[in-house]
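These notes concern the structure reproduced below.
Please treat every number below as a calculation from the coordinates, not as lab data. A quick note: this is a predicted structure, and the numbers were derived from the prediction, not measured. Every residue, glycine as well, gets a Cβ built from its backbone with ideal geometry; the counts of neighbours run over all protein chains shown.
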Amino acid sequence: MRWSPRPEESTHESDGGQIHAAAPGLALNAPPLERCAVRRASSRAAATYAGAAVLAREVEARMLERLQYILLDPVRILDAGCGAGHGARRLAERYPGARVLGLDFALPMLQAARSHGPWLRRVLKRAHVDYLCADFASVPLPAASVDLAWSNLALHCADDPLPALKELRRVLKTGGLLMFSCYGPDTLKELKSAFAAHDGAAHVHGFIDMHDLGDMLSACAYSAPVMDMEVITLTYADVDALLADLRATGQQNALAERRRGLTGKRVFRAMRAAYADLRRDGRLPASFEIVYGHAWKPPQGRSEDGRAIVTMQPRRAKGV
């Protein structure tokens, strides 16, 4: 499935050309997250993430395959939400002449990422990847300093992706590429429905629709945005194996309106029973909707709030 831009903007005529009104506010279709809880879960998973991130590595491989069809020779690359650094290292291998910067808001993740580099390179301090602890909605880099902004399965961790998309556009050079992946609304739909069958509390995150993410790219004045999605289904012997994978990769309930007390055994028993009805060939499915997007930073033609910049030239008098 692919996305096409929606005609959100109104247009007014002037003597100097067309002036476009700013796009209206974009409503999020995912419930808000507690940012500190997201960071804590990610930090606790630092020691286990690399061994459990099978899906992240698969999506990473598919994104790298897409890069083969894009003419790009980056000097500086930003991996926003780099986690344990696997993707940043693959980018350094793909573009050996580039400087790669891995950015993550969980310091223990970055410490794990640094420990995975070859020991001799660490001793000689010639690592291909540098790491920076910061939020990708507030990147401590100069404007127009990055040729490729890359983010694999991280953007959905932002409470609102729009500020992050604006910030990544700010640090991109003119002609630079943004490429990202994130979860879509059908992610973990089986687990969500199994919980919902007997419990009204929210246990699984909601995720923003591909079309809304595409509209955000347009609102941020990226050019030629392309969005598409696919569903990847993993299978598990039982629900506990799925939950263990989610914990090991830092994907735990961080909803702002989540239940604060312990979830009782009765709720888990009911959830397991409901999920068991989905068993096929002895395995339980877990669906992950993967949304892919890429777009370019065009020459300056819009203001930061999305309005077109129009140059007005006075009319020349006849005979001059």
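A few remarks follow.
- Counting only aspartates and glutamates at least 8 places from residue 166 when in the same chain, those with an alpha carbon closer than 19 Å to its own are 8, 9, 79, 104, 135, 147, 209, 212, 215, 304, 305.
- Footprinting exposure proxy for 58, 65 (fewest neighbouring C-beta atoms within 10 Å first): 65, 58
- Gyration tensor verdict on segment 150-227 (Cα atoms; rounded if a/c is under 1.5, prolate if a/b is larger than b/c, oblate otherwise): prolate
- Footprinting exposure proxy for 168, 71, 33 (fewest neighbouring C-beta atoms within 10 Å first): 71, 33, 168
- Take every Cα pair under 8 Å whose residues are at least 6 apart in sequence, average their separation, divide by the length of segment 31-296, and the relative contact order is 24 percent.
- For the pair residue 94 and residue 189, label points projected 7 Å from Cα toward Cβ lie 2.9 nm apart.
- Neighbour-count order for 114, 266, 89, fewest beta carbons within 10 angstrom listed first: 266, 114, 89
- In segment 31-296, the alpha-carbon atoms span a convex hull of 129 Å³ per residue.
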